[in-house]
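The values are calculated or read from the model by the stated rules, or taken from the named source; none is laboratory data. Quick caveat: nothing in here was measured; it's all calculated off a predicted structure. Ideal geometry is used to build each Cβ from the backbone, glycine not excepted, and the neighbour counts take in all protein chains shown. These area figures cover heavy atoms from the full protein model, side chains too; ligands, DNA and RNA do not enter into them. Shrake-Rupley method; radii C 1.70, N 1.55, O 1.52, S 1.80 Å.
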2 protein chains.
Amino acid sequence: MSSSSTARARARAELTQEIVDIARGQLATSGAAGLSLRAVAREMGMVSSALYRYFPSRDDLLTRLIIDGYDAVGEAVERSDAAVDPEDVAGRLVAVCHAVRTWALAHPHEYALLHGSPVPGYSAPQDTVGPAVRDTVVLGRIIGDAWASGRLVLPDGDLPAGSPLADDLDVVREMMPGVPAAVVVRAVALWATLYGMVSFEVFGTLDNVVRERDALFDHTVRGLVAWIGLRADGRGDGVGGAA
Amino acid sequence: MSSSSTARARARAELTQEIVDIARGQLATSGAAGLSLRAVAREMGMVSSALYRYFPSRDDLLTRLIIDGYDAVGEAVERSDAAVDPEDVAGRLVAVCHAVRTWALAHPHEYALLHGSPVPGYSAPQDTVGPAVRDTVVLGRIIGDAWASGRLVLPDGDLPAGSPLADDLDVVREMMPGVPAAVVVRAVALWATLYGMVSFEVFGTLDNVVRERDALFDHTVRGLVAWIGLRADGRGDGVGGAA
DNA sequence: TCCGTGTCAAGAGCACCGCTCTCGCTTCTG
DNA sequence: CAGAAGCGAGAGCGGTGCTCTTGACACGGA
């Protein structure tokens, strides 16, 4: 009918999606390095060379999987943020951290693709940066909201004006306008702890070390949220914390 | 001469070492996934099948590289700890964190091998756990020393007895005997932040975000060392901190 | 309706990979 | 000194990403 959806175009779109789905399935079983165009083609009943009509190289297929992965975790983060009372900034931050961890534990190989060793010859194209920062944008919005609503207390005073960090971190800072540098720096530390902790879990570092990983993660995140300067105001609820 | 060092044995030891060295060189240029036995053999002027006399499989060569990597960072950590006045526990902890980062930035591909995505088919054999925890043992010793010398102040009171974390983390806890659970848990968080931050740097996450990475790292580590409950007693020096 | 154009799957082939096996040769050892 | 063990070279297996050519098919304009 319409010029933009001929039978050919529809078939192409469907096949492209099928390739991505099968590739993601193989990612889950064999990991990123084990992703094989030939294996995908075999599973589709096609010949490997035919796949190059849809993805010019293995790296392009990988890029697609990476973008999809960033979008998946980004959406999970945005949804978990939206599910919490907007006034409860501390609760939102805790929820967002849990969302990242939950998604990562459910999709370990995709997480490894996003936050593990970079693929040697591969460098992420520009298309990936948008999806890649969706989670960080949410972090910035929460901290920004907290500051705007006065629920953020400066930890130990701001950084001294002479500090080299005082004028750095522009990209992060513009996500949370007005927030003092000391808090921005601590937010970055929280982010590093989040991904460090999740990587420890997903990559197996904590395997024979911690049994109660849920409790450890929750306790750590709540502790750091408080360390940033966020108190659970408004509702007494939300960030129960320990003790 | 002596029964244990025939010409053959010496040649074997030297060739084995040469294989490892060339493999490490290729690791630095091509990454772990690009490590090729055939390429190593080519560079040595040998035939690929001959390498199997020295390493039964590519994974065994990888294991050797992993063990060497853990030993290298472990030694760097131990040396940096020993270089600081033993009384200055906060300074020791800061120095150890910097040692990890410095080594990682100098050997990014080896760091990726140790703390990046696990290789799909590969699972680390038991020989690796000893070298793998050398750095963590140093962390434990520092925290233990701090507690024993009374320089560790409990942050907000210990964890409640009923907390599931109170009886967990046995492996970490026995590295720092007597230290209260609340501090142990925070030490784990510090460790996660350290490796999260270093991974951010090595894997390029901070590439267009932070310019003053040295300052950011140092500031973050000092902040978290204080957060654990460590104050710079004894000497006023050592942990200058911000503000 | 028909025909040129563009898209498609398929196949052969290139260079590379990890790994196995066999074959002579050297070296060590009883 | 003779047998055993270690060694490098070579051929070969099945796998990989990727390229190029070929022939069939669907599409859209005349």
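In nanometers and ordered shortest first, the copy-to-copy spacing of the B:Thr102 label point, defined 7 Å from Cα toward Cβ, is 4.3. Shielding value for B:111-119 is 6, the average number of Cβ atoms from other chains within 10 Å of each residue's Cβ. Please state the shape class of segment A:97-177: rounded when a/c is under 1.5, otherwise prolate if a/b exceeds b/c and oblate if not, all from the C-alpha gyration tensor. In terms of gyration-tensor shape, prolate.
For the rotational copies B and A, the chain B residue with its Cβ nearest the relating axis, together with that separation in Å, is B:Gly196, 1. Here segment B:1-56 is treated as a Stokes sphere of Kirkwood radius computed over C-alpha pairs; at 10 °C and 1.306 mPa s its diffusion coefficient rounds to 132 µm²/s.
Globularity index of chain A is 1.20 (Cα radius of gyration / 2.2 N^0.38 Å, N = number of residues).
What ranking, highest mean first, results for peptides B:25-33, A:63-71, A:6-14 when packing means the other Cβ atoms within 10 Å averaged over each residue?
Values: B:25-33: 16.6, A:63-71: 19.3, A:6-14: 10.3.
Answer by packing, highest mean first, reads A:63-71, B:25-33, A:6-14.
Counting Cβ atoms of other protein chains within 10 Å of each Cβ in B:209-219 and taking the mean gives 5. Counting Cβ atoms of other protein chains within 10 Å of each residue's Cβ and taking the mean over peptide A:168-176 gives 3. Build a GNM of chain B with springs between Cα atoms under 10 Å apart, and of B:Val210, B:Val133, B:Val20 the one that fluctuates most is B:Val210. Would you work out if the protein assembly as shown is rounded, prolate or oblate? Take a ≥ b ≥ c from the square roots of the eigenvalues of the alpha-carbon gyration tensor; rounded if a/c is under 1.5, else prolate when a/b is larger than b/c, oblate otherwise. Taking the square roots of the gyration eigenvalues as a ≥ b ≥ c, the protein assembly as shown is oblate. Taking the centroid of alpha carbons for each part, segment B:44-117 and segment A:198-231 are 25 Å apart. Among B:Leu190, B:Leu61, B:Leu165, the largest mean-square fluctuation in a Gaussian network model of chain B (Cα springs under 10 Å) belongs to B:Leu165. Charge dipole of chain B (Cα centre as origin; +1 on each Lys and Arg Cβ, -1 on each Asp and Glu Cβ, all else neutral): 760 debye, rounded to the nearest 20.
Using a 1.4 angstrom probe on heavy atoms only, work out the carbon and sulfur share of the accessible area of the protein assembly as shown in %. Can you show the working numbers first?
Numbers: 11390 of 22210 Å².
That share works out to 51 percent.
Model label points for B:Asp71 and B:Ser5, set 7 angstrom from Cα along the Cα-to-Cβ axis, are 1.8 nm apart. Rounded to the nearest 20 debye, the dipole size of the protein assembly as shown about its Cα centre is 1460 debye, using +1 on the Cβ of Lys and Arg and -1 on the Cβ of Asp and Glu. Take B:108-114, B:79-85 and order them by the average number of nearby Cβ atoms within 10 Å per residue, most first; the result is B:108-114, B:79-85.
Per-residue ellipticity at 222 nm, computed for chain B from helices alone with -39500 (n - 2.57) per DSSP H run of at least four residues, works out to -19500 deg cm²/dmol. Between A:Ala39 and A:Gln126, the simple spin-label model (points 7 angstrom out along Cα→Cβ) gives 3.4 nm.
Starting from the label point of B:Gly130 at 7 Å along Cα→Cβ, the same points in the other copies fall at 5.3 nm, in ascending order.
Classify segment A:93-144 from the C-alpha gyration tensor, please: rounded if a/c falls under 1.5, else prolate or oblate depending on whether a/b exceeds b/c. Walk me through the numbers on the way to the answer.
Values: a/c = 3.28, a/b = 1.39, b/c = 2.36.
Oblate, since a/c reaches 1.5 and b/c is not below a/b.
The angle between the Cα long axis of helix A:134-148 and the main principal axis of chain A comes to about 20°, on a 0 to 90 degree scale. Taking all protein chains together and rolling a 1.4 Å probe, A:Trp191 ends up with roughly 20 Å² accessible. Plainly put, the tip 7 Å out from Cα toward Cβ on B:Ala11 is 6.3 nm from that tip on each other copy, the closest given first.
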